[in-house]
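**Student:** Let me begin by handing over the structure; questions about it come next.
The values are calculated or read from the model by the stated rules, or taken from the named source; none is laboratory data. All values derive from a computational prediction rather than experimental measurement. We place every Cβ from the backbone using ideal geometry, glycine too, and count neighbours over all the protein chains shown.
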Amino acid sequence: MFKHSIFLRIYAGLVILVVLIAIFSYLLVQIINYQRAQEYRESLTDGLSFVISQGVARQQTDQQKRDWISDASDLLELPIYYVGADRVDLTRAEQKRIKEQKSAVRYDAKTATAYVILGLQDDLQHYLYVKVDKIGERQMKAVPIFILDYLIYYPGQEREYLEKIQKYFSYPINIQSIRDLGLDPEQVGRLRQDNSVILYRDNASVRGTTISIVSPMPNNPAEVLVIGPIPLFNWMPFQLSAGITLLSLFLLSLGIYGLILPMQRKLRQVNYALNKMKSGNLSVRLPVEGTDELAGLASSYNSMSDHIQRLIEAQRELMRAVSHELRTPVARIRFGMEMLTDEDDYDYRVQQMEMIDKDIEALNTLIDEIMTYAKLEQGMPSLDFEQIMLTDVLEQVATETEALKTQKEIELIPPPPYVIVEAERRYLHRVVQNLVGNAVRYCDHKVRITGGIQADGQAYVCVEDDGPGIAEQDRARIFEAFSRLDDSRTRASGGYGLGLSIVSRIAYWFGGRVQVDQSPVLGGARFMMTWPAQQRTKPAAKTEKQKEST
């Protein structure tokens with residue numbers, strides 16, 4: 001069922017596509033956030049790394065440097081190591097960052113520990129190696145201490161030097177008046193006691209929650225050093241969510257286009273073929289790919305084109321054959337009428353009148369055959385299937401044939417009376433009548449009629465004769481309209497070449513087929529028509545391939 005429906009395949013494809021895009025988006029967010037988190041960690045430590053390296057560089061001796069580093073480690077409550085450069089294997093990107101006086105951060109997700117590597121401005125043989133396994137108020141309040149330690153060397157020029165080192169910080173640092181901050185009395189009191197204050201701000205905008213660190217300025221109680229606001233890491237900022245959403249929609253649209261493209265291509269082929277058909281070109285056929293609805297549409301179009309083309313060709317052949325068949329009786333009637341005008345003998349006139357009457361009857365018979373064939377050829381006739389005792393139809397045709405005094409032996413081997421088949425009685429009678437009439441016309445002495453139901457549930461009627469039979473290479477052609485195999489099938493035999501064509505069309509509309517071979521008993525031709533004894537589906541549902549096999 002799934003593989004036969006293009007719409008189910010599209011729906012299932014959409015579900016799979018959405019799941020795949022969701023997984024892809026999740027992995028993409030994780031990868032992007034990993035990179036963002038790394039950049040965030042580096043941005044937080046870059047400015048601090050600069051002022052620490054400047055603090056170490058101001059120390060005159062190696063011991064003073066080690067003492068300063070030890071004091072910094074106690075202040076941060078984080079281990080800081082003074083290691084040789086040859087003991088640290090840096091990547092190219094880390095070397096570039098340290099050369100730019102920035103920090104290199106290595107993060108271990110399993111232990112939630114960051115390792116910060118700091119370069120020293122005047123000491124290329126050593127690095128500072130900081131193990132950061134915790135971040136709290138103690139560490140945050142230590143940041144302004146290092147900045148003030150840097151500024152203490154530039155009294156009166158604090159603001160100018162803050163502007164110079166601002167490029168190393170990803171967050172603002174400046175000196176403000178304490179009255180401009182809107183602090184409550186408790187916070188102001190803590191600042192008067194030389195304690196830093198941490199301010200949390202919950203912003204409803206895209207920045208989210210921020211942290212600011214306010215620290216008192218030495219020797220100036222009216223001003224404070226303000227670090228921040230520093231935004232907390234946002235795992236799903238608006239820009240990222242909007243970008244991932246747009247990318248997902250784009251990928252989804254590409255996937256939908258990929259699912260719809262084959263159907264669009266097939267529909268264009270159908271539209272092209274229909275336009276060609278509208279212009280009178282019936283030679284275009286659609287490729288049948290798969291077993292879905294569009295494949296069924298292509299197959300139906302091809303069958304329709306074949307049927308229309310065959311109908312047009314049949315109509316042309318019919319017109320040519322009709323004009324040919326009508327000429328002879330019409331010419332004989334005209335000749336007979338001319339003879340009547342010049343003949344005074346009564347008996348001869350009566351004889352001519354009888355011949356004209358026979359020609360008129362032949363015309364009526366030909367017209368009836370043509371009308372029947374045209375009706376069956378143009379489209380599905382109105383069939384009224386009913387349950388029929390097959391033996392009744394066979395006996396009726398046998399009786400009617402014997403009444404014609406054909407001097408031929410008609411042998412009927414009727415099926416049992418309980419053999420019931422579903423068929424249109426009128427058309428079934430016509431089939432048996434045409435087959436028997438054809439056999440009587442070409443047999444030597446005997447015609448045999450049989451019927452019944454085969455083991456596979458197919459009903460059949462069979463007519464055999466002891467005539468010359470039909471060559472194997474001619475057996476398919478005899479079912480064509482107005483077909484005559486040799487000179488024996490002339491007007492003298494009473495045939496017009498339509499009887500077997502009518503049988504073929506009735507067999508098709510019955511959902512069956514008719515075939516001819518050699519009679520194993522009588523030695524002549526054996527015609528057999530088979531059709532479903534129980535009509536479960538409409539005969540029109542047969543494919544063109546089945547139709548051509550009849």
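**Student:** Taking region 264-314, which residues are within 30 Å of Ile16 (Cα to Cα), among the hydrophobic types (A, V, I, L, M, F, W, C), assigned to a helix (DSSP H, G or I) and touching a helix residue (DSSP H, G or I) at 6+ places or on another chain (Cβ under 6 Å)?
**Tutor:** Leu294
**Student:** What number of residues within region 405-435 satisfy the criterion of being within 23 Å of Ile478 (Cβ to Cβ) and either touching a Cys at 6+ places or on another chain (Cβ under 9 Å) or without any contact (Cβ under 8 Å) to a residue 12 or more places away in the chain (or both)?
**Tutor:** 2
**Student:** In the set Tyr129, Tyr161, Tyr150, which member is modelled with pLDDT of 85 or more and either more than 21 Å from Ile230 (Cα to Cα) or part of a loop (DSSP other than H, G, I, E, B) (or both)?
**Tutor:** Going through Tyr129, Tyr161, Tyr150 in turn, just one is modelled with pLDDT of 85 or more and either more than 21 Å from Ile230 (Cα to Cα) or part of a loop (DSSP other than H, G, I, E, B) (or both): Tyr129.
**Student:** Residues Met380, Met353: which one is at pLDDT below 65, more than 20 Å from Met319 (Cα to Cα) and either outside the structural domain of Ala507 (by TED's automatic domain parsing) or among the aliphatic types (A, V, I, L, M) (or both)?
**Tutor:** Unique residue meeting the criteria: Met380.
**Student:** Of all residues in region 424-464, which are charged (D, E, K, R), under 20 Å from Ile506 (Cβ atoms) and either in contact with a strand residue (DSSP E or B) (Cβ under 7 Å, 6 or more places away or on another chain) or outside the structural domain of Gln518 (by TED's automatic domain parsing) (or both)?
**Tutor:** Matches in region 424-464: Arg425, Glu464.
**Student:** Condition first: closer than 20 Å to Leu251 by Cα and not hydrophobic (A, V, I, L, M, F, W, C). Now tell me which residues in region 1-52 satisfy that.
**Tutor:** Selection gives Arg9, Tyr11, Gly13, Ser25, Tyr26, Gln30.
**Student:** A further question on this structure: Considering only residues that are in contact (Cβ under 8 Å) with a residue 40 or more places away in the chain and among the aromatic types (Phe, Trp, Tyr), look in region 16-53 and name the one that is surrounded by the most Cβ atoms within 10 Å (Cβ to Cβ).
**Tutor:** Phe50
**Student:** I've got another one for you. Would you please list the contacts, defined by Cβ atoms under 6 Å and residues six or more apart or on different chains, that run from a residue in region 95-107 that is within 25 Å of Lys134 (Cα to Cα) and touching a residue at least 12 places away in the same chain (Cβ under 8 Å) to a residue that is aliphatic (A, V, I, L, M) and part of a strand (DSSP E or B)?
**Tutor:** Short answer, once both residue conditions are applied: Arg97/Ala104; Ile98/Ala104; Ser103/Val116; Ser103/Leu118; Ala104/Ile117; Val105/Ala114; Val105/Val116; Tyr107/Ala114.
**Student:** Output the number of the condition that Gln433 fails; it satisfies all remaining conditions of (1) within 54 Å of the chain's Cα centre (by Cα); (2) over 16 Å from Val503 (Cα atoms).
**Tutor:** (2)
**Student:** Let me ask you something else. Of the residues that make up region 168-189, is at least one under 28 Å from Leu78 (Cα atoms), free of Cβ contacts under 8 Å to residues at least 24 places away in the same chain, touching a strand residue (DSSP E or B) at 6+ places or on another chain (Cβ under 9 Å) and not in a strand (DSSP E or B)?
**Tutor:** Here is the first cut: in region 168-189, the residues under 28 Å from Leu78 (Cα atoms) are 168-175, 187.
Right, trim to free of Cβ contacts under 8 Å to residues at least 24 places away in the same chain and you get none.
No, region 168-189 has no match at all.
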